[in-house]
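Before I ask anything, here is the structure I am working with.
The values are calculated or read from the model by the stated rules, or taken from the named source; none is laboratory data. In this text the structure is predicted, and so the values were computed from the model without any measurement. Cβ placement follows ideal geometry from the backbone for every residue including glycine, while neighbour counts extend to all protein chains displayed. These accessible areas exclude ligands, DNA and RNA; they are computed on the full protein's heavy atoms, side chains included. Shrake-Rupley method; radii C 1.70, N 1.55, O 1.52, S 1.80 Å.
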Amino acid sequence: MRVKIVHNPNEVFEFMKSRIRYNYIYQFNNLDEREWPNTICYGLYEGVILREIAMVYTAYDIPVLIAACFEKHGYNKELISRIKEYLPPKFYTHIDKETLEEVFDKKDISEYYEYVNMGIDDYSKIEALDRKNTVTLNYVDSERIKRLLEESYPDNWLDDILIKLNDNFGVEIDDKLVSFAGIHAYSIDRQVAAVAHVTTHPEYRNKGYGRDSIVALIKDLREKIKYIGLNVKVENLSAIKCYKNIGFKEYGRFIACELTNIEK
């Protein structure tokens, strides 16, 4: 087995195209021509055959290792073990639990959460749901969106570039933005989008506004994107129930955490 950097996104796409795309939304998104220049993709090869990939995304203040694998073959553990010495001294990661526990020391892990991937391919449950009170949001609404997120979802990773798109929706009550649903990955070319930053102001919760924002977003995205997914903390049972009620299904689970990687 040998490890090398993969420079051709089409090679990675051919390798990954048979996998369940809802589990690999971010990997497929990083193949987009907009994101590929920000991506370092490592490949594990057996001869000339690509067996596994892992990506380091470099566009954020902290590098992000996208290394969650949902195939039970063991290649991912070997790949991450082999590239560990080349990874940044501190980074955020999406990674499968088995690889994390085998390759990294527990003392180097912080901000640990388990997530479940969800995806929607049956839109029948949202057909009868309207977009009451919802409005389309874009870059001119950035400050309103950020203000809402600061009050209701302070741990968000808001991508200013994606706010420039029209695929952001919210609910307004008396001219106040009280709910929001946006995207954290978006590629028409690779046909993937990840719903993100779903939140409602604490004073307006339990009124269905979050659901309305998501439904408006999904109805808009499905005209352009085949694979619409999201990830949610496994202990957030109310959110999982909400997503299932509008047609999402559960797929694989992964760990999101920060890692220090000082000992190289």
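Considering the zone a paramagnetic label at residue 173 would reach in this model (a point 7 Å from Cα along the Cα-to-Cβ line), which residues of the stretch 187-225 have amide N under 17 Å from it?
199-214
Given a cut-off of 29 Å, name the pairs among 90/241; 4/226; 4/106 whose C-alpha atoms lie farther apart than that in the structure shown.
Check vs 29 Å cut-off fails for 90/241; 4/226.
Using a Förster distance of 41 angstrom, determine the FRET efficiency expected from the C-beta separation of residue 260 and residue 11, and round it to 0.05.
Step by step, r from the Cβ atoms, then E = 0.80.
With the crude spin-label approximation of a point 7 Å out along Cα→Cβ, what separation in nm comes out for residue 204 versus residue 136?
It works out to 2.0 nm between the two label points.
While we're looking at this one, here's another question. Quick one: accessible surface of residue 48, probe radius 1.4 Å, all protein chains present, in square angstrom to the nearest 10.
130 Å²
With a 1.4 Å probe and every protein chain left in place, tell me how much accessible area residue 249 has, in Å² to the nearest 10.
100 Å²
Top mean-square fluctuation among 252, 208, 182, Gaussian network model of the chain, C-alpha springs under 10 Å?
Top of the fluctuation ranking is 208.
When all alpha-carbon pairs of the stretch 96-165 are counted, what percent fall beyond 14 Å?
77 percent
Counting only helical runs of four or more DSSP H residues, what would the 222 nm mean residue ellipticity of the chain come to if each run contributes -39,500 (n - 2.57) and the total is spread over all its residues?
-7000 deg cm²/dmol
Can I ask one more? Under a 1.4 angstrom probe, counting protein chains only, how are 153, 209 ranked by accessible area, largest first?
153, 209
Just grab the label-to-label distance for residue 19 and residue 82, each label 7 Å out from Cα along the Cβ direction, in nm (one decimal).
1.6 nm
Report Rg(Cα)/(2.2 N^0.38 Å) for the chain, keeping two decimals.
The chain yields a ratio of 1.03.
Can you give the translational diffusion coefficient of the stretch 191-264 in µm²/s, computed by Stokes-Einstein from the Kirkwood radius over Cα pairs at 25 °C and 0.890 mPa s?
Approximately 171 µm²/s, per Stokes-Einstein.
On a straight-distance basis, which aspartates and glutamates could pair with residue 77 in a cross-link, Cα separation under 15 angstrom, same-chain partners fewer than 8 positions away excluded?
Of all the aspartates and glutamates, those that pass the test against residue 77 - Cα under 15 Å, at least 8 places apart if same chain - are 46, 52, 85, 96, 98, 101, 102, 105.
Moving on. Could you check the simple spin-label distance between residue 107 and residue 188, using points 7 Å along Cα→Cβ, in nm with one decimal?
5.2 nm
Which residues' amide hydrogens lie under 5 Å from the amide hydrogen of residue 234, considering only partners 5 or more residues apart or on another chain, with H built in the peptide plane?
Hits under the 5 Å cutoff: 114, 115, 116.
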